[in-house]
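> Dropping the structure in here first, questions after.
Rule-based calculations on the coordinates, nothing more; no lab input. Note that this is a predicted model, so its numbers are computed, not measured. Here the Cβ is made from the backbone with ideal geometry for all residues, glycine too, and neighbour counts use every protein chain on show.
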């Protein structure tokens, strides 16, 4: 599980984890907030490579067999590559559901925007992790986070399911 591989970053807000990644800082920001008096921020320096993340692991047992939505308010400034909220479900050493918003990434400068990730949590889940990531230079702020069970009528955003093969043939007559 990813959170077990990460050392706690000294500046990560209480209850959150962040691996040390060259070119990035993770902090609690008391000058920028959606609501209240603080938010979390990841800043990438010019030339920053790879990505940095701020994450929180949950015990998956209360969520097992349920559809879960992670919602947060996110703000970006000068994001050159991309940023996004993410959530992952693990069974043992294998990821069974994952979405990092790469297909709807945040780029550039954006005021506070509400984003959501929705995944099905396997009944046998051994890990449930959510967070925010920044790839490249810029900054991303995270505030007003919520994790909740939602009904099956709410569509999942799972990137793994989007990659899977269809169960029925499509466009067999090659018509538009």
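> State the number of residues belonging to region 42-57 that are over 11 Å from residue 12 (Cβ atoms) and surrounded by 15 or more Cβ atoms within 10 Å (Cβ to Cβ).
5
> Out of the residues in region 57-102 that are under 15 Å from residue 125 (Cβ atoms), in a strand (DSSP E or B) and without any contact (Cβ under 8 Å) to a residue 60 or more places away in the chain, state the one that is nearest to the chain's Cα centre (by Cα).
Applying the filter and picking the extreme gives 87.
> Let me ask something else about it. Kindly check whether there is at least one residue in region 103-120 that is assigned to a loop (DSSP other than H, G, I, E, B), surrounded by 12 or more Cβ atoms within 10 Å (Cβ to Cβ) and in contact (Cβ under 8 Å) with a residue 40 or more places away in the chain. First the steps, then the outcome.
We begin by selecting, within region 103-120, every residue assigned to a loop (DSSP other than H, G, I, E, B); these are 105.
Subset that is surrounded by 12 or more Cβ atoms within 10 Å (Cβ to Cβ): 105.
Keeping just the survivors that are in contact (Cβ under 8 Å) with a residue 40 or more places away in the chain gives none.
No, every residue in region 103-120 fails to be assigned to a loop (DSSP other than H, G, I, E, B), surrounded by 12 or more Cβ atoms within 10 Å (Cβ to Cβ) and in contact (Cβ under 8 Å) with a residue 40 or more places away in the chain.
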